[in-house]
1. Once phi is turned into θ = phi - 60°, what whole-Hz ³J(HN,Hα) does the Karplus curve with 6.51, -1.76 and 1.60 give for every residue of the stretch 67-81, x standing for Gly and Pro?
2. Report in % the part of the accessible area of the chain that belongs to carbon and sulfur, leaving out ligands and nucleic acids; probe 1.4 Å.
3. Pull up the cross-link candidates among the lysines for residue 17, meaning alpha carbon to alpha carbon under 30 Å and not fewer than 8 places away within one chain.
4. With a probe of 1.4 Å, find how much accessible area the stretch 13-95 has per residue, and write the answer as a whole number in Å².
5. Please determine, in degrees from 0 to 90 and to the nearest 10, the orientation of helix 30-48 with respect to the longest principal axis defined by the Cα atoms of the chain, where the helix direction is its Cα long axis.
6. Å³ per residue of the Cα convex hull, for the chain?
7. Output the relative contact order of the stretch 8-92, whole-number percent, from Cα pairs under 8 angstrom with separation of 6+ residues.
Amino acid sequence: IRDEESGYNKNLFCIPKHYEEDLERVFIPHGLILDRTERLARDIMQDMGSHHIVALCVLKGGYKFFADLLDHIKALNRNGDKSVPVTVDFVRIKSYC
């Protein structure tokens, strides 16, 4: 997203009431994030070939994205020509600094 990007008017979205006063605009719609996550899963599957995938989630903030990404990878694994083993693990980081 460019710095000068104005985003989307919040009236185009269903915003929970408790967030209405805090939001001015929506910069990245949820559907765009889901689409990009699915594309990332496809890229991972293509790049990994038949190699074992080890997926590591950084808790707590990354869990929702991680779960969505794994769902797409699992769907591709089920519906693709080949099945690739996927191992999942979680780590908690005390500080990002």
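1. Whole-Hz 3J(HN,Hα) from phi for the stretch 67-81: 4, 5, 4, 5, 4, 5, 4, 4, 5, 5, 5, 5, 9, x, 6.
2. Values: 4340 of 8030 Å².
Summing carbon and sulfur atoms, their accessible area is 54 percent of the total for the chain.
3. 60, 64
4. Numbers: 6500 Å² over 83 residues.
So the stretch 13-95 comes to 78 Å² accessible per residue, rounded to a whole number.
5. Around 20 degrees separate the two axes.
6. Details: hull volume 15.9 nm³, N = 97.
Per residue, the Cα convex hull of the chain comes to 164 Å³.
7. Numbers: 67 pairs, mean separation 28.4, N = 85.
After rounding, I find 33 percent.
The values are calculated or read from the model by the stated rules, or taken from the named source; none is laboratory data. Not measured: the values here are computed from a predicted model. Side chains included, ligands, DNA and RNA excluded: accessible areas come from the protein's heavy atoms. Shrake-Rupley method; radii C 1.70, N 1.55, O 1.52, S 1.80 Å.
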